[in-house]
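The values are calculated or read from the model by the stated rules, or taken from the named source; none is laboratory data. Because the structure is a prediction, the values reported are computed rather than measured. Every residue, glycine among them, receives a Cβ derived from its backbone with ideal geometry; neighbour counts consider all protein chains shown. Keep in mind that these areas ignore ligands, DNA and RNA; they rest on the heavy atoms of the full protein, side chains included. Shrake-Rupley method; radii C 1.70, N 1.55, O 1.52, S 1.80 Å.
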Amino acid sequence: MQRHIIHLPRIGKQAIAIFTDVVLSVIATWGAFSLRLDTLHWPSGYQWHVYQLAPVLAFPLFLRMGLYRAVFRYTGIAAIVAIAKAVGIYGVFLFAVLVWLALPGVPRSVGLLQPLLLLLLVGGTRAFARFWLSKADADRLHQREARLLIYGAGAAGAQIAEVLQRRQPLTLIGFLDDNPDLFGKTINGHKVFSSSDAGKIIESYAVTDVLLALPSITRVRRNEILEHLRKYQVHVRSLPDLTDLARGRVTVSDIHELDIVDLLGREPVPPNPVLLSRNISGKVVLVTGAGGSIGSELCRQILSAGPARLLLLDHSEFALYQVHRDLQERVEELQLKTELITLLANVRDFDRISKVCNLWRPRTIYHAAAYKHVSLVEQNPAEGINNNVYGTYNVARAAVESEVRDCVLISTDKAVRPTNVMGATKRLAEMVFQALAASKSPTFLLSETASSREHINNTRFSMVRFGNVLDSSGSVVPIFRQQIKAGGPITLTHSEVTRYFMIIPEAAQLVVQASAMSEGGDVFVLDMGPAIKISDLAYRMVELSGLSVRDDANPNGDIEIKITGLRTGEKLYEELLIGANPMATAHPRIMKAQEDFIVWEDLQRALSSLLFAVENNDTATIRSILMTLVNGYEPATNIVDWNHFARHGEVLVEKPNSASR
C-alpha cells in the first residue's frame, strides 16, 4: 500500500492530501462544537454554514502557502512551522468571519477551538504520513543492506545522523561512545552504546558500516579505535577534523573514506608562524613545478604567508591553469593582496628561466620541478637527467646571476643510496646546490649561453629531503582504494616493501620552515615517522572497508593481494640519510644531514661529460658516470632505456606497473 501511494503521480498525491484536509476541517468543526456545547454534536440550522465555511477558507490558504508541495515522508520542522503559519492565518480569518456574521446558534469561541483542533489533526496526519511512508523503505531490507553505527554521540554525530536518516540508504542502529554518562540514553530515538560493547553490538545487529564522528580526537586515539574495529569486518568511514567542520553544519559530503592519514597515528606539529613568513611575507616568491602535487601545495602554504607576488612556473599548461584558478579563488575569498603571475616555462630552457628571474626579481625560489616516477625515468634516463639535473643547474645559475636571496630544492628519500636513475638525478641535483653553496664566485660553463665570468654568489642554497606524500600522483592509497572498489586484486610489488609517508600540507609547511633556517648548503631531512609496510597498509585498507583478504588462510575472502615483483629501479626500503649523526634544528620534525659533495669546479667537469653522453643518448656511459658521481648508486636492473634497445634492434618487455612507489 505504501509503495503504491509513493509511486502515484504528483497530482494524485496532492488530491489525496487536499481531500484529507477537507475531511479534517469538517472533523475539527464537529469537535469544536462538541467541546463548546459539552455534548456530542449534530449540526442544525446555521451551524451547517460553519461546516461549509471551514474547508472553503482552509483550502485556498493551504494551497497558497505551499502545504501541498511538501513530500510527506520527508516532513521536518520546516514543514510543521509552515502548517502552523497557515492554520494560524486561517484561524484569524475564520474567527473574524464568524464574529462578523454572528450566526444564530454558533458560539464565537468555535472560531478559536476549530483552528487549534485543525492544527493538531493536520500536523498529526503529516507526522503519521512521514512515519508510515518512510517505513516502506525501511522494510525493503534487501535493498537497504547497510546497517550503520555512528562512533561519537556528540554534536557532529547527531547532525550527521539526522542527515543520513533522510538521504542515505542506511539503517541507523545507534551510537557508540566512550563517555559513560551517555550510555543507555537516546538521540533522536537511537540508543547510545558503550564503545567497549562494539563487537557485541556489531554482531547482534549485523552492522556493516561504522562512521567515525569524532572530529576532535587525537590521531593516536583514532588509530586505537581503528585497530579495535578492524577485526569486526565493518566498513569504516570518517568525518574530517574540526578545522574542516568549522564552516558550520555537517553534511553528507563531509563523509570520506579512510586515508593513510587516519592510519598514521602521529600528531602534526603546529607550524612556527615566524619561520613560515621569514622568506615569504611581503616578498616576491617563485615556485617551479607549481602545478605538481608538491608544488601546488607549496603555493597554497606560501599564499597563506602573504607574499607580495607569487610566480607560478610550470611547463604544463593545464596544471598551471588549475593551480592558478585554485589560488585565485583563495585570493578573492580571503581578500588577499598577493599578485599571482602564471609563467609557462621549462626549467631546461635557461634563457627563459633567466629572463623570468631578471624581470620579476624573486627573493625566494622553491624548485619543485622534477620528473619523479621511478620506472618512467629509468626507461628515459636522458630526459630524466636533462630535467632533474640540468633543469636544477639552470635554476641555480639564474638564482645566482639575478641575486636571489634563498633558493630551495625539493628533494626525495630516493636520492639516498639510489638504485634507480631518478634517485641518482635527485642526488646530483642536491650536489649542484651543495657545491654552489660552498662557492663564493662560481662560473657557469654548461649551457649554450655559458659564461666564464665569475659571479659573486650571495644566494643561500638549501635542500629539503623527504619521502612519499599522500595523494600525490602515483600514491598507493588512491590506487589501493580504486582496486578495492573494483573487487581486486590489489597489486603489490613485494610483500616486504616499506615506505615513509607524510601528508602534503605538513610536508609543504616543513619545507618552508626548513628553508627559513638555512645558513647555506644545508641538507634538511624531514622526520617522516616510522616506515610503513605497504602490505600491512593493504590489509588494513581492505579490512576497514568491511571486506577480508583472500589468501591461503582465508580462501573465501573478498580481495586478493597479488605480488607482481619489484619494478625496474625500485627499492625494498627507502632511507633518508646517507651519513650518520644528523643534527637537530629548532624544529622537532626537521633535521640537518651531513652529506659529502664535490667542489663546484670538479662537479662542472663531470656534468659536462654527463651532458655529452646525454646528448648522444649513450645510456651505458650515462650509467657509468652516475655510478662514479653519486655515492652509493647501484643500479638494481639492467638498462631498460627504450631508445637504447631500439637503437640496438632489441625488444624490451617491461612488467606492468604496480602500486608501491
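Can you find a residue that is within 22 Å of Gly123 (Cβ to Cβ), in a helix (DSSP H, G or I), at pLDDT 80 or above and open to solvent by 70 Å² or more (accessible area, probe 1.4 Å) anywhere in the stretch 63-81?
no
Determine which single condition Arg108 fails, assuming it passes every other condition in (1) under 19 Å from Gly31 (Cβ atoms); (2) at pLDDT 80 or above.
With (1) under 19 Å from Gly31 (Cβ atoms); (2) at pLDDT 80 or above applied to Arg108, the lone miss is (2).
Looking at the stretch 320-340 only, could you name the residues that are more than 14 Å from Gln301 (Cα to Cα) and open to solvent by less than 20 Å² (accessible area, probe 1.4 Å)?
Leu320, the sole residue that qualifies.
Of the residues that sit in the stretch 359-376 and are at pLDDT 95 or above and not aliphatic (A, V, I, L, M), which one is most open to solvent (accessible area, probe 1.4 Å)?
Only one residue tops the list, namely Arg361.
What do you reckon, is Leu116 open to solvent by less than 30 Å² (accessible area, probe 1.4 Å), modelled with pLDDT of 80 or more and within 23 Å of Trp42 (Cβ to Cβ)?
Considered against the rule, which asks whether it is open to solvent by less than 30 Å² (accessible area, probe 1.4 Å), modelled with pLDDT of 80 or more and within 23 Å of Trp42 (Cβ to Cβ), Leu116 comes out as no.
Looking at Ala580, is it among the small types (Gly, Ala, Ser), within 30 Å of Ala507 (Cα to Cα), at pLDDT below 90 and buried (at least 19 other Cβ atoms within 10 Å of the Cβ)?
no
Which condition breaks for Gly384 when tested against (1) more than 15 Å from Ile353 (Cβ to Cβ); (2) out of contact with any Phe, Trp or Tyr (no Cβ under 8 Å at 6 or more places or on another chain)?
(2)
Conditions: (1) crowded, with 24+ Cβ neighbours inside 10 Å; (2) within 20 Å of Ser316 (Cβ to Cβ). Arg427 meets all but one. Number of the miss?
It fails just one condition, (2).
Between a first residue in the stretch 194-210 that is among the small types (Gly, Ala, Ser) and a second residue that is open to solvent by less than 20 Å² (accessible area, probe 1.4 Å), which pairs have beta carbons less than 6 Å apart while being 6 or more apart in sequence or on different chains?
Close Cβ pairs (under 6 Å, with a partner that is open to solvent by less than 20 Å² (accessible area, probe 1.4 Å)) amount to Ser195/Leu176; Ala198/Leu176.
Which one is modelled with the highest pLDDT among residues in the stretch 524-546 that are of a type in the set (A, V, I, L, M) and not in a loop (DSSP other than H, G, I, E, B)?
Of everything passing the filter in the stretch 524-546, Val525 is modelled with the highest pLDDT.
Rundown of residues vs (1) closer than 23 Å to Asp522 by Cα; (2) in contact with a His (Cβ under 8 Å, 6 or more places away or on another chain); (3) not hydrophobic (A, V, I, L, M, F, W, C), yes/no style:
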position: Gln322; (1), (2), (3): no, no, yes
position: Glu329; (1), (2), (3): no, no, yes
position: Glu332; (1), (2), (3): no, no, yes
position: Asn346; (1), (2), (3): no, yes, yes
position: Val374; (1), (2), (3): no, no, no
position: Tyr390; (1), (2), (3): yes, no, yes
position: Arg417; (1), (2), (3): yes, no, yes
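Give the stretch 341-365 a look and list any residue that's within 16 Å of Ile302 (Cβ to Cβ) and either within 24 Å of the chain's Cα centre (by Cα) or hydrophobic (A, V, I, L, M, F, W, C) (or both), or say none.
We begin by selecting, within the stretch 341-365, every residue within 16 Å of Ile302 (Cβ to Cβ); these are 341-343, 360, 362-365.
Across the stretch 341-365, the qualifying residues are Ile341, Leu343, Trp360, Ile365.
Within the stretch 561-574, is even one residue under 30 Å from Leu275 (Cβ atoms), at pLDDT below 85 and crowded, with 20+ Cβ neighbours inside 10 Å?
Looking through the stretch 561-574, at least one residue is under 30 Å from Leu275 (Cβ atoms), at pLDDT below 85 and crowded, with 20+ Cβ neighbours inside 10 Å.
Is it the case, given these coordinates, that Glu506 is assigned to a loop (DSSP other than H, G, I, E, B) and either open to solvent by 10 Å² or more (accessible area, probe 1.4 Å) or on the phi > 0 side of the Ramachandran plot (or both)?
no
Would a scan of the stretch 377-399 turn up a residue that is open to solvent by 10 Å² or more (accessible area, probe 1.4 Å), assigned to a loop (DSSP other than H, G, I, E, B) and more than 20 Å from Leu312 (Cα to Cα)?
The answer is yes, given that some residue of the stretch 377-399 is open to solvent by 10 Å² or more (accessible area, probe 1.4 Å), assigned to a loop (DSSP other than H, G, I, E, B) and more than 20 Å from Leu312 (Cα to Cα).
Considering only residues that are touching a Ser or Thr at 6+ places or on another chain (Cβ under 7 Å) and either farther than 16 Å from Arg330 by Cβ or free of Cβ contacts under 8 Å to residues at least 60 places away in the same chain (or both), look in the stretch 267-293 and name the one that is surrounded by the fewest Cβ atoms within 10 Å (Cβ to Cβ).
Looking at the filtered set, the residue picked out is Glu267.
Of Arg300, Arg325, which residue is more than 26 Å from Val389 (Cβ to Cβ), among the basic types (Lys, Arg) and free of Cβ contacts under 8 Å to residues at least 24 places away in the same chain?
After applying the criteria, what remains is Arg325.
Show the residue pairs that are 6+ apart or on different chains and have beta-carbon atoms under 7 Å apart, the first residue being within the stretch 78-100 and farther than 11 Å from Leu119 by Cα, the second being open to solvent by 30 Å² or more (accessible area, probe 1.4 Å) and charged (D, E, K, R).
Leu98/Arg108; Val99/Arg108
Which of the numbered conditions does Asp641 fail, given that it passes all the others? Conditions: (1) buried (at least 20 other Cβ atoms within 10 Å of the Cβ); (2) modelled with pLDDT of 85 or more.
Exception for Asp641: condition (2).
Do we find a residue being modelled with pLDDT of 80 or more, surrounded by 17 or more Cβ atoms within 10 Å (Cβ to Cβ), under 30 Å from Asn188 (Cα atoms) and touching a helix residue (DSSP H, G or I) at 6+ places or on another chain (Cβ under 8 Å) anywhere in the stretch 27-48?
No - not one qualifying residue is present in the stretch 27-48.
When you check Val404 against the structure, is it open to solvent by less than 10 Å² (accessible area, probe 1.4 Å), of a type in the set (Val, Ile, Thr), in contact with a Pro (Cβ under 8 Å, 6 or more places away or on another chain) and not in a loop (DSSP other than H, G, I, E, B), yes or no?
Details: open to solvent by less than 10 Å² (accessible area, probe 1.4 Å): yes; of a type in the set (Val, Ile, Thr): yes; in contact with a Pro (Cβ under 8 Å, 6 or more places away or on another chain): yes; not in a loop (DSSP other than H, G, I, E, B): no.
Spelling it out, it is not the case that Val404 is open to solvent by less than 10 Å² (accessible area, probe 1.4 Å), of a type in the set (Val, Ile, Thr), in contact with a Pro (Cβ under 8 Å, 6 or more places away or on another chain) and not in a loop (DSSP other than H, G, I, E, B).
Being open to solvent by less than 40 Å² (accessible area, probe 1.4 Å), in a loop (DSSP other than H, G, I, E, B) and at pLDDT 80 or above is the filter here; which residues of the stretch 456-486 pass it?
Asn457, Thr459, listed by residue number.
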